[in-house]
Amino acid sequence: MSEDADNPTPGSGRDAVPRQGGHDAGAVEPAEPAGAPEPAEHVEQFPAAALGSVPAAAPIPAPEPAAGPPGQPGAQAPEPAEAVPASGLGIPDGGEAASDELVTPVLSEVLLAVEELWPESLAEDWDRVGLVAGRPDADVDRIMFAVDPTLEVIDEALEWGAKLLVTHHPLLLAGVNSVAATTGKGRAVHRLIEGGCALLTIHTNGDSAVGGVSDVLADALGLEEVSPLMPAAHGLVEEGIGRVGMLPGVEKLGELASRIFLTLPAVAGGVRVAGDRDALVRRVAVCGGAGDSLFDAVRASDADVYVTADLRHHPASEARESSTDGRPYLIDLSHFASEWLWLPVAAQALANVLADQGFEAELAVSQTNTDPWDFILTPGN
């Protein structure tokens, strides 16, 4: 979440999304201190006809090991997974695998399902969410979710046969006066239209909604008694930007940071921490995406530690200087990595709603790592 940090540049040349450990997007078991990255993992596709057959945070099977970490020579993207047939996922009691009775939705029908899950009314005033390109009457039989609408992601979606690309970050957040194919954004728009693929943005409405980006991040850390960090002005009491909750028990700051490191996709920047490694924490505030505008709310929440992304020097320094006991400690993540966990959960949620409405479509999660950094230099490395 950010007004100034969510304007991606198409074509980043990233490799497939790996993860540091074998965790899913649900509650995370305590992990050993971070070591060498594990092989990349692949997110399965979710056919809408498989209502109720795939848990909200489905385990992510690993593909063949990649030849190297993201952004370094030799790293290879895993092969796209085969679409999972509804008949192979187990139909709930009393149900039937009646895929022949289901119909392919048109884009306008998918948009209604999206609005049910992530209402545009929850978006921040400065944000640009909703349909960017696409015909309302076009059939949508394949939908891909991604963090950024880069050219590489668009090519991945088109190669898979997607008719709708849903991204968290807007393509056109900042105003443009041309979408000529001589510009990066123009090339993205042209490629989508020429490939017959619509583009939809679910940004801060996806942050604020129940089951949104920060809810998924809170779930990944195993937080309990979770509530919004900044409640939505209009909406349910559970809706709003950021989340704050309690760990099941007291945990060392370094151990919490290691668990997060092992849970997120592998990126060059890793995880940065401000605070004593052995400090004990339990109350945790989280905000997927850029969250340094929320420090007042974090302090008011009495959180021991704040987990977010894109922390800039001055806000982070001021937060530390204004503290009398070092709290809240800070755990700074990659913007991309902090929001990627939401994608498989969001894809499953949309699959369930579409199937509930009698529609059949396949959903998948992009395997392109759109974190903008390729490597980092640190002391001793």
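The values are calculated or read from the model by the stated rules, or taken from the named source; none is laboratory data. On a predicted model such as this, the values are computed, not experimentally measured, just so you know. Don't worry about glycine lacking a Cβ; one is built from the backbone with ideal geometry, like all the others, and counts go over all protein chains shown.
Descriptive notes on the structure:
- Residue in the range 272-280 that is closer than 29 Å to E116 by Cα, of a type in the set (V, I, T) and touching a residue at least 40 places away in the same chain (Cβ under 8 Å) present: no
- Unique match (being among the hydrophobic types (A, V, I, L, M, F, W, C), under 30 Å from V226 (Cβ atoms) and either out of contact with any Leu (no Cβ under 7 Å at 6 or more places or on another chain) or surrounded by 16 or more Cβ atoms within 10 Å (Cβ to Cβ) (or both)) among L112, L102: L112
- Of the set (1) surrounded by fewer than 21 Cβ atoms within 10 Å (Cβ to Cβ); (2) modelled with pLDDT of 95 or more; (3) more than 18 Å from H190 (Cα to Cα), all apply to S121 but (2).
- Residue count for the range 152-167 satisfying the condition of being surrounded by fewer than 21 Cβ atoms within 10 Å (Cβ to Cβ) and in contact with a helix residue (DSSP H, G or I) (Cβ under 8 Å, 6 or more places away or on another chain): 2.
- The strands (runs of 3 or more DSSP E) found wholly in the range 99-216 and carrying at least 3 residues that are touching a residue at least 60 places away in the same chain (Cβ under 8 Å) occupy 130-133, 142-146, 198-201.
- Put simply, of L311, L330, L354 the only residue that is crowded, with 20+ Cβ neighbours inside 10 Å, farther than 21 Å from R243 by Cα and touching a residue at least 12 places away in the same chain (Cβ under 8 Å) is L354.
- Verdict on V226 being crowded, with 20+ Cβ neighbours inside 10 Å, of a type in the set (V, I, T) and modelled with pLDDT of 95 or more: no
- Of the residues making up the range 225-232, one or more are of a type outside the set (V, I, T), within 16 Å of T308 (Cβ to Cβ) and out of contact with any helix residue (DSSP H, G or I) (no Cβ under 6 Å at 6 or more places or on another chain).
Residues checked against (1) under 21 Å from the mean Cα position of the chain (by Cα); (2) surrounded by 16 or more Cβ atoms within 10 Å (Cβ to Cβ); (3) closer than 19 Å to R135 by Cβ:
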position	(1), (2), (3)
H169	yes, yes, no
L173	yes, yes, no
A181	no, no, no
R187	no, yes, no
L199	yes, yes, yes
V213	yes, yes, no
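- All conditions in (1) out of contact with any Phe, Trp or Tyr (no Cβ under 9 Å at 6 or more places or on another chain); (2) touching a residue at least 12 places away in the same chain (Cβ under 8 Å) hold for D296, with the sole exception of (2).
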